[in-house]
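To start, the structure itself, in structure tokens.
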Amino acid sequence: MVRHDVPDGEENKNWEQFGRAIDALAASFPETGAVPLVLNLGGGVVSDLGGFAAAVYRRGVPYVQAPSTLLACVDSGVGGKTGVNHARAKNLIGAIYQPKLVLADVALLATLDPREVRSGVAEIIKYAVTFDNELFRTLEERMADLLALKKEILLPVVRQCYEMKARVVESDEEDRLGKRIVLNFGHTVGHALEMAAEFQLTHGEAIAVGMLAATRISERLGLCGPALNDRLKKLIESAGLPTSARDLLLRPEKVLEIMQRDKKFVGGTSRFVLIRDIGQWEAVRGVDMRVVREVVEELLA
Ligand SMILES: NC(=O)c1ccc[n+]([C@@H]2O[C@H](COP(=O)([O-])OP(=O)(O)OC[C@H]3O[C@@H](n4cnc5c(N)ncnc54)[C@H](O)[C@@H]3O)[C@@H](O)[C@H]2O)c1
Ligand SMILES: [Zn+2]
């Protein structure tokens, strides 16, 4: 077995660290000889970067995702999207390449920093809002137990989210039919905030604010009433996640500029996942950028 460590942090999900992972593979498993089996033990940074290395090394070698954060268990470990960030945009370089196996052992989560637990809960809230009213209600009732990683709630919730993601991915594995876009609920504004804040926010924290941006945009476009945003805000607060990005003192222009470089903007036109009600989402193209700007300004002010 050969071990290669990736230094901690989103800022290391980059081209340089990807190169080092490839160097480690090349040093231990050159073109001839044994085929490596890459085992990505870690959070989303490791699963994305290691998955991408496995996808392109010798045009693809088998790999296993062993997610060790809550976020990776319910999201990044599943689905085959791999890649690294570029200075100009998150996940700009990557490939879709499926693992042979996902080995999620929730016992690994016991050592997680509470902030990272909350970050994973943000993605769980994303699944609940877009797919499952019952899960949303469970989260409203049992948030404290979930944050405390109580097995009787953690296991079924992780399994349910994993299955929801797997169903979406199975319906559009190569991301050609536009079905996977639902998994980006909250991520259009969220990713831009994450980049603009230069990684002062965890992925989940940025997504929490991004989800509120999406429901506020939905409300302004008349898709839903204010009650939905209030309910989501309460749930996000109960998870100890941020409901605005005001403390970061970011300029709205910076966030909007980064957002427009995102893959979700095709030919300069926005694509947002918006919400009519819990479990009822809609992908909307060409949302008026004035509306988006107003909402971003509100969340930063
Ligand atoms: N590919 C996808 O479909 C997909 C989906 C969602 C998110 N992502 C990506 O995932 C990344 C975020 O993942 P993350 O939240 O897991 O972040 P992360 O990988 O940075 O892990 C968070 C922190 O937890 C630590 N850690 C990991 N496992 C631990 C454990 N068992 N005990 C204690 N500490 C542990 C890490 O060292 C790190 O400091 C982002 O880059 C995001 O873009 C990818
Ligand atoms: Zn995410």
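With only alpha-carbon pairs counted, each pair once and no self-pairs, how large is the Kirkwood hydrodynamic radius of the range 11-80 in angstroms?
On the way: mean 1/r = 0.0819 Å⁻¹.
Evaluated over the range 11-80, this radius sits at 12.2 Å.
For the range 10-136, treating each Cα as an identical point scatterer without solvent, what Debye log10 I(q)/I(0) comes out at q = 0.18 1/Å?
-0.97
Please give the Cα centre distance for the range 5-47 versus the range 174-217, rounded to the nearest Å.
The distance from the Cα centre of the range 5-47 to that of the range 174-217 comes to 26 Å.
Let me have the 222 nm mean residue ellipticity of the chain computed from DSSP H runs of 4+ only, each contributing -39500 (n - 2.57), with the sum over all residues rounded to the nearest 500.
It lands at -15500 deg cm²/dmol.
Just to be sure I understand: if I project the alpha-carbon convex hull of the chain onto a plane and average over all orientations, what area do I get in nm²? Provide the component values of the computation, followed by the final result.
Numbers: hull surface 58.8 nm².
Value for the chain: 14.7 nm².
Could you give each residue of the range 266-277 its phi-based ³J(HN,Hα) in whole Hz, using Karplus coefficients 6.51, -1.76, 1.60 with θ = phi - 60°, and x for Gly or Pro?
With the stated coefficients, the range 266-277 comes to 9, x, x, 9, 6, 10, 10, 8, 10, 10, 8, 7 Hz.
Taking a cut-off of 15 Å between Cα atoms, list the aspartates and glutamates near LYS254, but don't count ones fewer than 8 places away on the same chain.
Partners found: GLU194, GLU198, ASP262, GLU294, GLU297, GLU298.
Considering only DSSP beta bridges where both residues belong to the chain, give the percentage that are antiparallel (nearest 5). Can you show the working numbers first?
Numbers: 12 of 19 bridges.
Antiparallel bridges make up about 65 percent of those DSSP assigns within the chain.
Which of VAL169, LEU149, LEU135 sits closest to the plus end of the dipole of the range 115-172, meaning its Cα is farthest towards the positive end, when Lys and Arg get +1 and Asp and Glu get -1 on the C-beta?
Most positive-ward Cα: LEU149.
A 23 angstrom limit on the alpha carbon distance is what I want to check against. Which of LYS81/LYS151; LYS90/LYS126; LYS150/LYS234; LYS90/LYS233 exceed it? All intermediate terms of the calculation are to be shown ahead of the outcome.
Numbers: LYS81/LYS151 28 Å; LYS90/LYS126 19 Å; LYS150/LYS234 21 Å; LYS90/LYS233 26 Å.
Flagged as over cut-off: LYS81/LYS151; LYS90/LYS233.
Amide H to amide H, which residues 5 or more places from ALA95 or on other chains are under 5 Å from it, using H placed in the peptide plane?
Those lying under 5 Å, H to H, from ALA95 are THR82, GLY83.
With a Cα-only, solvent-free Debye model of the range 199-293, what are the log10 I(q)/I(0) values at q = 0.17 Å⁻¹?
So the normalised log intensities work out to -0.81.
Test of understanding: ordering THR243, THR138, THR69 by Cβ neighbours within 10 Å, fewest first, what list do you get? Mind showing how you got there, number by number?
Numbers: THR243 16, THR138 19, THR69 27.
Lowest to highest Cβ neighbour count: THR243, THR138, THR69.
Report, in debye and to the nearest 20, how large the dipole of the chain comes out about its Cα centre when Lys and Arg carry +1 and Asp and Glu carry -1 on their Cβ.
Charge dipole, the chain, about its Cα centre: 520 debye, nearest 20.
Within 10 Å, count the other beta carbons around each residue, average over each peptide in 26-38, 43-55, 171-183, and list them highest first.
Details: 26-38: 11.7, 43-55: 25.7, 171-183: 14.4.
Top to bottom by mean Cβ count within 10 Å: 43-55, 171-183, 26-38.
Taking the Cα centre of the range 105-213 as origin, work out the dipole magnitude from +1 charges on Lys and Arg Cβ and -1 charges on Asp and Glu Cβ, in debye rounded to 20. Intermediate results must be reported in sequence, preceding the final value.
Working: 13 positive and 19 negative charges, 34 e Å.
My answer is approximately 160 debye.
Read-outs throughout are calculated quantities, based only on the coordinates presented, and are distinct from any laboratory measurement. As the structure is a prediction and not an experimental result, all values here were calculated from the model. FYI the Cβ positions are ideal-geometry reconstructions off the backbone, even for glycines, and counts take in every protein chain you see.
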